[in-house]
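Where a number appears in this text, it was derived from the coordinates with a stated rule and is not lab data. Quantities reported herein were computed from a predicted structural model and do not represent experimental measurements. Every residue, glycine among them, receives a Cβ derived from its backbone with ideal geometry; neighbour counts consider all protein chains shown.
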Amino acid sequence: MRYAIEAEKIVKRYVTKKRKGFLKSEIEVVEALKGISFKIRYGEIVGLLGPNGAGKTTTIKIVSTLLLPDSGKVFIDGVEAFKNLSYVREKIGIMLTVEKGFFPKLTGRENLIYFGTLYGLERKLLEKRINYLLDLLELKELGGSDKLYEEFSLGMKARLAFARALLKDPPIILLDEPTLGLDPVSARKIRRIVKDLAHKEGKAILYTTHNMFEAEIVCDRILLINKGVIVSEGTPEELKNKIPKLKVIRAVLHGGSKEKFSKLISSSLNLKPEIKIVERGLEVKLAVKNPEEILNDLLKIFNSANVDVVSLNIEEPSLEDVFIYFAKGVIE
Amino acid sequence: MFVAAEIIRRKTILFSLILWPYIIMAFIVLLGSSMGGMSHFQQKIGTNPVLFFITGSFLLIVSLIFFDEISSRFWYDEFIGTLPYIIIAPTSKTMLALAMGFPRLIINVLVGLSSLIPVYFILKSFPGLIEALVVIALSIFSALTFSTLAIIFSSLVLISGGGWRVLSILRPLIMLISGVLYPRFLLPLTIKFFTIIFPLANSVEVIQLFLVQGGLTAYSLMLLGLATAFALLYAPISIRSLRTWEHRVLVKGAKT
């Protein structure tokens, strides 16, 4: 089977100079990617999920042929990317930053015409395509078609950047944090279109984000990346099942102190709670295998401390919990 | 404090700050000592100094278009975040670089029509109009023949990463070597010989000789031929230089 994207043992190091004086400087090497490998099929949305500095943008730049890896190979549609740049670049649509990347003194339409022409699209086809995309992303309604780019809101800029990624109608789309900083309406719009592009049109999409919630709702499969290493991969459900079968008890209390509860719960139940101050009071979080077994004892502790229990929930671990679990594994 | 740090930490800016006064001084001394008064200029050079310098100024802004556009344009693309999308485009970067200069070349030619033609007409009446058009055509020729070498210089600016600091060294050097603002044809052959590989210098001499002699001679045609030959010779090097810059961008990563 031919994969849309294949990355094999990609390594990338950044070499920077740190000044130590007028004529002295020190070389610093940062290993952004430490030999990552993954595959993406057509019709699939794969999320690359990780914190800032994990290597998400470096990965997208390498896959899009904007950055040379130090070692490893990238295959796009079965073709080695860096040996066939023209062929590969025809297949890819890319969206990098949301807040810039266009000419400020051109309108939305003019910017798309410029890039479409640069990408070799024939004029009539380009006009049709631009009209379609401006409608799809509601840019015409928002006035983005004839407004100068410098007057665009962030939501409009994101929509225009997304439109450019789709200009060539590419089979492979790379999106680097496409909803970062967007209002919920624009973010939801983009997510919906991304899902349609993959599931209805069969495109392969690599989607980077540090938003766990977004990754869970958009992506078919997730690659968890931290410090240049893919720490785990799978569907959101598969990832949650990988961590030890824990459930989370979350209680919000009115009154009491962090230190007091931490000591009480540690000594009585032999568990280490996560306690933080929230808007409604104090949030106590415990990860346990069988919450029913300790619930009574926990309520007794709260009663004896004379606090009001505002809310008490038993939850499934979230993707954030999964990520922290795997990320801590890497650090240790 | 920041300005001092900006200068001291960047050696290119320090170097250009030191070098700049010497370059300008050399230019003015060279020019001034060869001129004297207006009538003396006319007597020695063979043409009206107003015509000479207005033609030279026009020639300067037209000829350096490709150099200015390419070296600043890709830097501007990096600044506004469009560079990754330019790099990823299938369009040849050399063709793109060459195409960049044409819109400004057209605008500058139109400017030339509005600035050169009135001056030529006032000083030389109707024959002056024809001369102005010939000068404009030769200026376009000089811009085109300089384009490939301009791409090489611009690539050096881009590769060095020095931006305007490197530009501030290169630009006056180009002005000096090309001879736009002094009578190049009066230079001794030994000095001219070293600048023969500079297409712009050859074109400038043709235009200056045209002003003085009122026509194109066999020598002028030879210089035009040399300018064309060197422009074509530099073409493969210009392609290579842009590819080197592009490779460098790919190694470091196009900034987003």
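The antiparallel fraction among DSSP beta bridges confined to the protein assembly as shown stands at about 70%. Bridging of A:Lys17 to aspartates and glutamates at a Cα separation below 20 Å is possible for A:Glu26, A:Glu28, A:Glu31, A:Asp70, B:Glu6, once same-chain residues fewer than 8 apart are set aside. Rounded to the nearest 10 degrees, the inclination of helix B:11-33 to the longest alpha-carbon principal axis of chain B is 0 degrees. Would you mind checking the tilt of helix B:164-178 against the longest principal axis of the Cα atoms of chain B, expressed as 0 to 90 degrees and rounded to 10? Helix B:164-178 and the main axis of chain B meet at about 30 degrees. Loop-located trypsin sites (Lys or Arg not before Pro) in region A:24-123 (DSSP state not H, G, I, E or B) with no more than 10 neighbouring Cβ atoms inside 10 Å: A:Lys24, A:Lys105.
Taking a 23 Å limit on the Cα-Cα distance, which of the listed pairs A:Lys124/A:Lys168; A:Lys39/A:Lys83; A:Lys18/A:Lys100; A:Lys34/A:Lys56 fall beyond it? Flagged as over cut-off: A:Lys18/A:Lys100. The spacing between region A:94-159 and region B:71-128, judged by their C-alpha centroids, is 25 Å. Each part gets one Cα centre, and for region B:181-196 versus region A:162-215 those centres are 61 Å apart.
By the Cα gyration tensor, region A:244-316 has an equivalent ellipsoid whose semi-axes, rounded to whole angstrom, run 18, 13, 11 from largest to smallest. Look at the stretch B:245-252: the mean tally of other chain Cβ atoms within 10 Å of its residues' Cβ atoms is 3.
Ranked for footprinting exposure by Cβ neighbours inside 10 Å, fewest first, A:Met95, B:Met175, B:Met222, A:Met1 give A:Met1, B:Met222, B:Met175, A:Met95. Evaluate the distance, in nm, between pseudo-label points positioned 7 Å from the Cα of B:Gln42 and of A:Ser257 along their respective Cα→Cβ axes. With each label point 7 Å from Cα toward Cβ, the separation is 9.9 nm.
Going from the fewest other Cβ atoms within 10 Å to the most, the residues B:Phe53, A:Phe152, B:Phe141 appear in the order B:Phe53, B:Phe141, A:Phe152. When the pairs A:Lys200/A:Lys240; A:Lys73/A:Lys128; A:Lys227/A:Lys276 are compared against a 30 Å limit on Cα-Cα distance, A:Lys73/A:Lys128 fall above it.
Dimensions of chain B based on its C-alpha atoms, expressed as ranges along the principal axes with the largest first, amount to 57, 43, 35 Å.
Cβ-to-Cβ counts within 10 Å put A:Ser311, A:Ser318 in ascending order as A:Ser311, A:Ser318, the fewest first.
For chain B, the tally of Lys pairs with Cα-Cα distances below 27 Å comes to 6, considering only residues 8 or more apart or on different chains.
Principal-axis analysis of the Cα atoms of chain A puts helix A:258-269 at an angle of about 70° to the longest axis.
Both radii are taken from the alpha-carbon atoms of the protein assembly as shown; with Rh as the Kirkwood radius, Rg/Rh is 1.13. Of all beta bridges that DSSP places with both ends in chain A, some 70 percent have antiparallel geometry. Treat region A:5-241 as a sphere of radius equal to its Kirkwood radius over Cα pairs and apply Stokes-Einstein at 4 °C in a medium of 1.567 mPa s; give the translational diffusion coefficient in µm²/s, rounded to a whole number. This corresponds to a translational diffusion coefficient of 69 µm²/s.
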